[in-house]
Amino acid sequence: MGDCQRSALKPNSKRRLFSAAAILLMLAFRIPMLDAQTNSNRDIQKQLEAKFKNTTLAIRHFFSGGTLKYDADGTLISGGKPGPWTINAYFEPQKIRLSNKNIIISGKRIYWSYNDSKKTPFLFRDSGNTTIEISRSPEQKDLPGILASLQAVFLKNDEPLADLVPSYWKQIIQADFKTDVPVVLNAKQARLERPARRDITFPQIKYAPTPQYTEEARRARVEGIVVLDITIDEDGNAKVTDIVKPLGVGLDDTAIGTIEEAWKFSPAMLDGVPIPYIANVEVGFKLR
């Protein structure tokens, strides 16, 4: 895991950075008021590109994969599995094509990360291409029908991000990513904040394998620290309840998965009896 020292994120300088403090909770697919007087593919395509090209949309269910194929109702036919929203949610359309059978949208994934030194989220574009292909039913000949299909694939403006992410993300998102909190557990040092009561024996880390880097974070050269609220149960297993300080690009979810599936503690003891214990844990990510 390396030394868990605070480190500012270091995205690749060649990637375009986006200001995302305001866009994060507003980021959703907005159904536009477009002129539906003509039903020709060419005219509809021009209107869609005028509204959506080089904007940022949010993919429903946060599916991974370079090619996603949906039916006309927005059900995924083929592609990746649901994954971390920080790498799978955001998408920038760069080209939209219509055929009689399909809506084909090509573009870039947009990754979410958190700049700890500036205390603000930011977005940056991946270098790879992603294609989203949506089938058209015979009834979807006009613009409203096409927009209905797009609405089934992308989030709407009345769907807050906090309602769609795992529970451990909700508090930090609703708090607008305010992260000024103390760190009381360092995975390498294997120590926690001392309990106020002397009859409690403090839990200790027995086994803490290093979480794996996501490929997206590795390519972007992202480093830093994730701080999590955890509950250690009577058997020494940990459950993450909240993200206190995020890092993004899938690293938060990787850390959580490793802690919940692999980390082991000696439980806290009260008069010789194991008890649950709540603490913070700090997990560092540093490229070697």
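Structure above, values below:
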{"item": "Positions within region 132-149 being buried (at least 16 other Cβ atoms within 10 Å of the Cβ) and of a type in the set (S, T, N, Q), in sequence order", "result": "Ser135, Gln140, Ser149"}
{"item": "Any hit, region 60-76, residues being of a type in the set (Asp, Glu), surrounded by 15 or more Cβ atoms within 10 Å (Cβ to Cβ) and outside the structural domain of Gly248 (by TED's automatic domain parsing)", "result": "no"}
{"item": "Unmet requirement for Ser106, which otherwise passes all of (1) on the phi < 0 side of the Ramachandran plot; (2) at pLDDT below 90", "result": "(2)"}
{"item": "Per-region count, region 59-85, residues out of contact with any helix residue (DSSP H, G or I) (no Cβ under 9 Å at 6 or more places or on another chain), in contact (Cβ under 8 Å) with a residue 12 or more places away in the chain, within 19 Å of Ser149 (Cα to Cα) and among the small types (Gly, Ala, Ser)", "result": "1"}
{"item": "Scan of region 83-103 for residues that are farther than 14 Å from Phe154 by Cα and in a strand (DSSP E or B), ordered by number", "result": "Gln94, Lys95, Ile96, Arg97, Leu98, Asn102"}
{"item": "Top-ranked residue of region 196-227 - restricted to ones that are under 28 Å from the mean Cα position of the chain (by Cα) and aromatic (Phe, Trp, Tyr), ranked as surrounded by the most Cβ atoms within 10 Å (Cβ to Cβ)", "result": "Tyr213"}
{"item": "Members of region 66-82 found to be part of a strand (DSSP E or B) and either among the basic types (Lys, Arg) or in contact with a Gly (Cβ under 8 Å, 6 or more places away or on another chain) (or both), listed by number", "result": "Thr67, Leu68, Lys69"}
{"item": "Residue match in region 150-161 (condition: surrounded by 15 or more Cβ atoms within 10 Å (Cβ to Cβ), of a type outside the set (A, V, I, L, M, F, W, C), in contact with a strand residue (DSSP E or B) (Cβ under 6 Å, 6 or more places away or on another chain) and modelled with pLDDT of 85 or more)", "result": "no"}
{"item": "Breaking point among (1) surrounded by fewer than 20 Cβ atoms within 10 Å (Cβ to Cβ); (2) within 30 Å of Val244 (Cβ to Cβ), for Thr86", "result": "(1)"}
{"item": "Near pairs, Cβ below 7 angstrom, 6+ apart or cross-chain, from region 120-148 (outside the structural domain of Val222 (by TED's automatic domain parsing) and within 19 Å of Phe62 (Cα to Cα)) to any residue that is in a helix (DSSP H, G or I) and of a type outside the set (Ser, Thr, Tyr)", "result": "Phe124/Ala220; Asp126/Glu216; Ile132/Val153; Ile134/Val153"}
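The values are calculated or read from the model by the stated rules, or taken from the named source; none is laboratory data. Only a predicted model underlies this, so the values are computations on that prediction, with no experimental measurement involved. Cβ coordinates were reconstructed from backbone atoms using ideal geometry, including for glycine residues, and neighbour counts include every protein chain displayed.
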